[in-house]
Amino acid sequence: MLKVLITDAAGAVHELQGADGDNVMQLARAAGLPVLGECNGSMACATCHVIVDPTWAEKLDPPEDDEEATLDTLFQLTKTSRLGCQIRLCPDVDGISLRLPDAA
Ligand code: FES
């Protein structure tokens, strides 16, 4: 299993485990974290917004155009913002650390 560390808006760190190929949105949602994932990963809703720790952000493939376009709709956009549904677990990102944006 692969590990993801998610810091929620209150500062609590949640350690989640997933399989190779699982995406962060699905894991966070299954764990009861406030990640809605309303479009189920079709890059249309941005309710899976996460902010990746800068040291991990560079290990991810850059966002596709569709992901960039959806991210651009976010009020709380940061340099390392990503759609959680587009972050897939793999050995290269085992232990990735990210945080959830503040509640809007
Ligand atoms: S779940 Fe909708 S953009 Fe990720």
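The values are calculated or read from the model by the stated rules, or taken from the named source; none is laboratory data. Just so it is clear, the structure is predicted and the values come from calculations on it, not from any experiment. Glycine gets a Cβ as well: all are built from the backbone with ideal geometry, and neighbour counts include every protein chain shown. We work out accessible area using only protein heavy atoms, side chains counted, and drop any ligands, DNA or RNA first. Shrake-Rupley method; radii C 1.70, N 1.55, O 1.52, S 1.80 Å.
Could you say which residue among Thr7, Thr55 is surrounded by 12 or more Cβ atoms within 10 Å (Cβ to Cβ) and β-branched (Val, Ile, Thr)? None of the other options fit; the residue is Thr7.
Every test in (1) surrounded by fewer than 15 Cβ atoms within 10 Å (Cβ to Cβ); (2) near the ligand (Cβ under 8 Å from one of its atoms) is passed by Met25 save one, and that test is (1).
Look at Ala9 and say whether it is in contact (Cβ under 8 Å) with a residue 24 or more places away in the chain and part of a loop (DSSP other than H, G, I, E, B). Yes; evaluated as a whole, the condition is true for this residue.
For the structure I just gave you, tell me whether Glu68 is within 15 Å of the ligand (Cβ to nearest atom), assigned to a loop (DSSP other than H, G, I, E, B) and of a type in the set (Asp, Glu). No, not satisfied. The residue that is nearest to Ile87 (Cα to Cα), among those in the stretch 28-42 that are in contact with a Cys (Cβ under 7 Å, 6 or more places away or on another chain) and open to solvent by less than 40 Å² (accessible area, probe 1.4 Å), is Gly41.
In this structure, Asp61 does satisfy being within 16 Å of the ligand (Cβ to nearest atom), in a loop (DSSP other than H, G, I, E, B), more than 15 Å from Asp94 (Cβ to Cβ) and not hydroxyl-bearing (Ser, Thr, Tyr). Only residues that are open to solvent by 50 Å² or more (accessible area, probe 1.4 Å), in contact (Cβ under 8 Å) with a residue 40 or more places away in the chain and more than 16 Å from the ligand (Cβ to nearest atom) were counted in the stretch 71-99, giving 3.
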